[in-house]
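Take a look at the structure below.
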Amino acid sequence: MKKIIFLFLVLISFKVSAQEINIIPQPAYIDKKQTQKPFIIDSKTQIVVADSTLIPSADFLNDYLQKYYKLKLTITKVTPGRNFIKLISNTRISEFNDAYNLITTDQNTTIIGTSKFGVFYAVQSFIQLLPTVANQLITVPSVVIVDHPRFDYRGMHLDVSRHFFDVAFVKQYIDYLALHKMNYFHWHLTDDHGWRIEIKKYPKLTEIGAWRNGSIIGLWPGKGNKNIRYQVMPNEIKITPNDAVIKTDGIRHGGFYTQEQIKEVLDYAAKRYITIIPEIEMPAHSMALLAAYPELGTEPNKKYTVAETWGMMNKYNNVLQASDTTFKFLENVLTEVMDLFPSPYIHIGGDEAAKVWWKQSAVSQQMMKANGLKTESELQSYFIRRMEKFVNSKGKTIIGWNEILQGGLAPNAVVMSWQGEKGGIEAARQNHKAIMTPENTMYFNHRQFVKEDSLAANKFSPLIDVYNYEPIPTELNAEQAKYIWGAQGCLWTEYITTPAKVQYQLFPRLDALSEILWSPKDKRNYPDFQKRLKTQFKRYDLMGITYSKRYLEN
Ligand code: ACM
């Protein structure tokens, strides 16, 4: 019998020395104890956690084991002799924020984080040490990992306006971010094509603004659409009678989240240590709001509709009137938003505002005159500063797209740089925090292959470009570089209509992004990343996640 057990252990250790360690994002330091026997998780393994602030990490691990390996472990405060996974917090183990050490031996696993966040990140690495196939012995290779994040802001965005995604899927999306040690979810809740958050004081925002009567067919300007019906055009753009015709799919699309549902998502994200930053767009990208409350537009007597077409014409869509009535309305909306979201940051958009609307509006011109503003760009700056003052008065900070630099940056604003890196560089030079999301690499709605099987935005952001992106521009000196808070991937959903398509566009570019943001710069290695990706794909198979399988071809 002894001989058989011995043989069994030898076999396991042989198997395990072949069990590679393929973690994404790549940890700062890994010591593979190849010669040592593995840790085996069975029904008697206990999760030890004495510190109540670490319970969400213990629960997360247990839920994962149950979901994918049908194993529910006992969680205890008392450390048994062996066969345990212990979670501890100790600030002294590292000089870095949110760092962790993960040590597995054949007896047990010990996770020590400098914070509850570090412990959670260690759990994500631990999960990636588990087999990628269910129903087999759960062996974990013996290893020592010492790890910490490179950037404090590791963000991913989802547009739920162009297409609506329900609470169940938003939760899954949050799990994807958690697995990659991302810590901010930018939830793009409002735009021309749908208002997605219940605001109790203004029910028409969702009664009217959450629904559109059709979407263009195919890539802009749309199959069969010789002509696009522009929503409301500026006087200076001439429209022929034919242009009044539109052919959409005629399918009503929409949906919104109640405040109760938003609380549910916030609670889910908090247990995964992800901060949700809500975005409420202003002064542009507001057609859904204007369809509900036309009196806030620059053309209150024209009929606004929730936008049905996207693409190039977005930039002509109407903007909010610069009036005291609008500011009061937005303050009331933001009050409800800030009461709901614990995030210290609120995104207020600020992108792509066509100044022509303010130029031809007597009310906006009057606002400019009254405040000594010479140009419409200065009015944009005034608009954002005024909203910033309100948001700051509630103890929160605004984030805006790089256009908020126009006419002068609001004093405390964080800049999200999407039109290249210029905006981020300018913000950092002005000692403002910046988040890099240059569209050429960081917009994951773009194609990832030259030819895609299905519709995607007509730009190209392949995996290798994402992987090679460096968030700190060479133009900045060391002092200025400290203002580059991190980077973000964006997923705009004009051409993304289903959860599976979201997954396809996201994976594996999210893997590349996470490595840029988490791993030490000198650990980045594309061939090695591609090798680790193969194991990650097997994990995605286990988890039922769609990813671009064409990466398996090479
Ligand atoms: C943007 O893509 N308009 C931020």
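The values are calculated or read from the model by the stated rules, or taken from the named source; none is laboratory data. A quick note: this is a predicted structure, and the numbers were derived from the prediction, not measured. Cβ placement follows ideal geometry from the backbone for every residue including glycine, while neighbour counts extend to all protein chains displayed. For accessibility, only protein heavy atoms count, side chains too; no ligands or nucleic acids. Shrake-Rupley method; radii C 1.70, N 1.55, O 1.52, S 1.80 Å.
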Counting Lys +1, Arg +1, Asp -1, Glu -1, what net charge surrounds Phe529 among other residues with beta carbon under 11 Å of its beta carbon? +2
For helix 2-17, what angle does its Cα long axis make with the longest principal axis of the chain, in degrees from 0 to 90 and rounded to 10? 30 degrees
Between region 108-149 and region 371-436, what is the C-alpha centre distance in whole Å? 40 Å
The size of the Cβ-based charge dipole (Lys, Arg +1; Asp, Glu -1) of the chain about the Cα centre, to the nearest 20 debye, is 1320 debye
How large is log10 of I(q)/I(0) for region 250-317 at q = 0.16 Å⁻¹ when the intensity is taken from the Debye formula with one equal scatterer per alpha-carbon? -0.76
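Determine the share of the chain's accessible area contributed by carbon and sulfur atoms, expressed in whole percent, with a 1.4 angstrom probe. Don't jump to the answer; show the numbers that get you there.
Values: 12080 of 22440 Å².
Carbon and sulfur atoms account for 54 percent of the accessible area of the chain.
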Please provide three numbers in whole Å: the alpha-carbon extents of region 428-479 along the principal axes, with the largest listed first. 45, 18, 11
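Give Lys67/Lys531; Lys70/Lys531; Lys396/Lys433; Lys204/Lys247; Lys37/Lys116 a once-over and call out the pairs whose C-alpha atoms are over 24 Å from each other.
Values: Lys67/Lys531 26 Å; Lys70/Lys531 28 Å; Lys396/Lys433 14 Å; Lys204/Lys247 26 Å; Lys37/Lys116 29 Å.
From Lys67/Lys531; Lys70/Lys531; Lys396/Lys433; Lys204/Lys247; Lys37/Lys116, over 24 Å: Lys67/Lys531; Lys70/Lys531; Lys204/Lys247; Lys37/Lys116.
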Name the long-range amide H neighbours of Arg82: under 5 Å, sequence gap of 5 or more, or other chain; modelled H, no Pro or chain starts. none
Gln19 long-range amide H proximity, modeled H, under 5 Å: none
Dipole axis of the chain (+1 Lys, Arg; -1 Asp, Glu on Cβ), positive-most option in Leu533, Cys490, Ile47: Ile47
Please give me, ordered by residue number, the GluC sites (Glu not before Pro) of region 471-509 that lie in loop per DSSP and have at most 16 other Cβ atoms within 10 Å. Glu475
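Using a simple charge model, +1 on the beta-carbon of Lys and Arg, -1 on the beta-carbon of Asp and Glu, nothing else, what dipole does region 66-106 show about its Cα centre, in debye to the nearest 20? Numbers along the way, then the final one.
Details: 7 positive and 3 negative charges, 73 e Å.
Value, rounded to 20: 340 debye.
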So what are the ³J(HN,Hα) numbers for region 458-463, from phi and the Karplus equation (6.51, -1.76, 1.60; θ = phi - 60°), rounded to whole Hz, Gly and Pro as x? 7, 9, 10, 10, x, 3
Go through region 525-532 residue by residue and turn each phi into a ³J(HN,Hα) via Karplus (6.51, -1.76, 1.60, θ = phi - 60°); whole Hz please, and just put x for glycine and proline. 7, 4, x, 5, 4, 4, 5, 5
Quick one: Karplus J couplings for region 94-110, per residue in order, coefficients 6.51, -1.76, 1.60, θ = phi - 60°, nearest Hz, x for Gly and Pro? 7, 7, 8, 5, 6, 7, 8, 10, 10, 10, 10, 10, 5, 8, 6, 10, 10
What net charge is computed for the residues neighbouring Val49, neighbours being all others with C-beta under 12 Å from the C-beta of Val49, Lys and Arg scored +1, Asp and Glu -1? +1
Tell me the angle of helix 259-270 to the major Cα principal axis of the chain, expressed in degrees between 0 and 90 and rounded to the nearest ten. 40 degrees
How much length is gained if the chain between Ala168 and Gln366 is pulled fully straight, taking 0.36 nm per residue apart and subtracting their Cα-Cα distance, in nm to one decimal? 66.6 nm
Amide H contacts of Val48 (H built 1.01 Å from N, under 5 Å, at least 5 apart or other chain): Thr76, Ile85, Lys86, Leu87
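Could you compute the net charge surrounding Leu334? Neighbours are other residues with a C-beta less than 10 Å from the C-beta of Leu334; K and R count +1, D and E count -1. Don't jump to the answer; show the numbers that get you there.
Details: positive: Lys394, Lys396; negative: Glu331, Glu336, Asp339.
Within the 10 Å Cβ shell, the charges total -1.
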